Amino acid sequence: MAAGGPNSGQPQFFSRAGDESFSHAPLIENTETDQIVVPDKKSWKNLFAYMGPGFLVSIAYIDPGNFETDLQSGAQYKYELLWIILLASCAALVIQSLAANLGVVTGKHLAEHCKAEYPKVQNFILWILAEIAIVACDIPEVIGTAFALNMLFSIPIWCGVLLTGLSTLLLLALQQYGIRKLEFLIAFLVLTIAICFFLELGYAQPDVGEIFYGLFVPQLKGSGATGLAISLLGAMVMPHNLFLHSALVLSRKIPRSVPGIKEACRFYMIESGFALLVAFFINVAVISVSGAVCNSPDLNKEDQMSCSDLDLNEASFLLRNVLGKWSSKLFAIALLASGQSSTITGTYAGQYVMQGFLDLKLMPWIRNFLTRSLAIVPSLIVAIIGGPSGAGKLIIISSMILSFELPFALIPLLKFTSSKTKMGPHVNSLAITILTWIIGFLIMAINIYYLITRFVHVLIHSDLQLAAVIFIGILGFSGMALYLAGIAYLVLRKTKKITHLLAPTTEESERLSIEPSKTSAYNLPSEETVSMQLPQRIRTTNDVN
């Protein structure tokens, strides 16, 4: 089943239920765009055609930011915060599936919907917040890469931060061999760290009962645990991933029928579930190893010091018993691969965000350079002043920023996928709608609670004069009020009566069949969006089978 024109025997993927005038209209007019074509027949083998986007998105769940927060939560609270990983992974599966569904059903990604839905001022604010989230996501990658270079070549952390700017050039050099080969290489290297920690998991022999207790019994002991819980949540469910996933699914040409779209949504959920399950096991292994080793009664004084302020630069000692003197090198290689693979997804997410919100497209290397520069500046300052410890704390802070940013990407996604005017027969069911809003409100409630309690604690224990405390208090609570007002606006604002469906309802099909002259440009994915997809050749039926 090859891609081509009507005379090539290729099926077309823009069919309308009850409207034969659309049977020969292609989904994408640009025949030079590289896409994977999904056969127009029901088969479990179609799953292989959908494999890819979920695994690219899952890279963000095992990036340096995740490893940093996992290591610290295990060292400080043993297995007590494992339930956060379980909760975040389940929430991530539901949320990422909604992001994929939005792109599959409408042919537009989340940023494009935001631009069409909100007024200019609100749209600009959402774009700024999305850019901040991408920079906050890039900071752990910068610091993680710097730590890896320090372990491999004894390069000072601040020098490593500067050298991470060169990763843009390295990334571009490797991309000429094809993004698939690059992703396979990086996935293999990232898998190295998973294997190392699973081996160490067998050596450390943590108490299985305690692990299950930590997974299924929620507990937060103190503000420090709350802060780490928010960091774990922010490191797991990332705002930029919602923009990315809704766009990556557009790299497939799917049958534009109700059954075809349902199949695509189902297979994308299966693929995402498998990818996120792997990421979940890796995160649980990292926390369990850190918790078992750092809470062992036989730990020597040197390792006790490392556990008291555990960061990525000190974590290689956890693998020493399994890998010996090579532990630091292998850990560093995997950490380097993790940071660079996250750079790829962050770069593409930034491109989609800029194109969607502003209709502005930059070359990938320019986009990567700008984002990386914004991440390097704070990382460099903290690395020079605070050293490795300060750089490690910056990773925690950036993860918390991502958690606070999440509502401004999550709420629009929930609104759009729950809107029948946008999703038609593929709108979220009542059960999914209730579940996703409960997840969203729980995340927001945790964030707001931590924000208020920490701010009040800082004000009460501050050594500043009363006038300064009052002034800071007014500014702080005004910021909180603005934050809550922004969330309330997104929640309460009604969705516009605009339909972006590529598979419309029967009534719309009848209307369009009467006005065939308007069908050629009816809600096709923009050429700019499709042209930014990860390079992939068009597959035939034989390829998929």
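The values are calculated or read from the model by the stated rules, or taken from the named source; none is laboratory data. What you see is a predicted model; the values in this text were computed from it and never measured. Neighbour counts are summed over all protein chains in view; Cβ atoms, including those assigned to glycine, are modelled from backbone coordinates with ideal geometry. In case anyone asks, the SASA skips ligands and DNA or RNA and just uses the protein heavy atoms, side chains included. Shrake-Rupley method; radii C 1.70, N 1.55, O 1.52, S 1.80 Å.
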Can you name the helices (runs of 4 or more DSSP H) wholly within region 42-98 that have at least 2 residues being in contact (Cβ under 8 Å) with a residue 12 or more places away in the chain, under 21 Å from the mean Cα position of the chain (by Cα) and within 11 Å of residue 275 (Cα to Cα)?
53-58
Taking region 163-198 and the residues there that are in a helix (DSSP H, G or I) and either at pLDDT 80 or above or of a type in the set (S, T, N, Q) (or both), the one that is surrounded by the most Cβ atoms within 10 Å (Cβ to Cβ) would be 164
Assuming residue 460 fulfils every condition listed in (1) open to solvent by 80 Å² or more (accessible area, probe 1.4 Å); (2) within 34 Å of the chain's Cα centre (by Cα); (3) modelled with pLDDT of 50 or more apart from one, which condition is it?
(2)
Within the bounds of region 296-306, is there any residue that is over 21 Å from residue 67 (Cα atoms), touching a residue at least 60 places away in the same chain (Cβ under 8 Å) and open to solvent by less than 40 Å² (accessible area, probe 1.4 Å)?
no
Which one of the conditions (1) closer than 29 Å to residue 131 by Cβ; (2) touching a residue at least 40 places away in the same chain (Cβ under 8 Å); (3) open to solvent by less than 60 Å² (accessible area, probe 1.4 Å); (4) assigned to a helix (DSSP H, G or I) does residue 489 fail to meet, given that it meets all the rest?
(3)
Considering only region 65-98, how many residues are open to solvent by less than 10 Å² (accessible area, probe 1.4 Å) and either in contact with a Ser or Thr (Cβ under 6 Å, 6 or more places away or on another chain) or at positive phi (or both)?
7
Within region 494-502, is even one residue open to solvent by 30 Å² or more (accessible area, probe 1.4 Å), among the aliphatic types (A, V, I, L, M), modelled with pLDDT under 85 and over 24 Å from residue 411 (Cβ atoms)?
no
Scan region 439-454 and give yes if some residue there is more than 26 Å from residue 256 (Cβ to Cβ) and basic (Lys, Arg), otherwise no.
yes
Being open to solvent by 10 Å² or more (accessible area, probe 1.4 Å) and either closer than 19 Å to residue 51 by Cα or more than 26 Å from the chain's Cα centre (by Cα) (or both): is that true of residue 263 here?
yes
Looking only at region 210-222, decide whether some residue is modelled with pLDDT of 90 or more, within 27 Å of residue 441 (Cβ to Cβ), in a helix (DSSP H, G or I) and of a type in the set (Gly, Ala, Ser).
yes
Tell me, yes or no, whether region 429-440 has at least one residue that is touching a helix residue (DSSP H, G or I) at 6+ places or on another chain (Cβ under 7 Å), closer than 30 Å to residue 352 by Cα and without any contact (Cβ under 8 Å) to a residue 12 or more places away in the chain.
no
Suppose the filter is open to solvent by less than 10 Å² (accessible area, probe 1.4 Å), assigned to a loop (DSSP other than H, G, I, E, B) and either without any contact (Cβ under 8 Å) to a residue 24 or more places away in the chain or within 17 Å of residue 73 (Cβ to Cβ) (or both); does residue 312 pass it?
yes
Considering only region 111-133, I want to know if a residue exists there that is modelled with pLDDT under 90 and in contact with an Asp or Glu (Cβ under 7 Å, 6 or more places away or on another chain).
yes
Among the residues of region 399-427, write down those that are open to solvent by less than 10 Å² (accessible area, probe 1.4 Å) and not in a helix (DSSP H, G or I).
406
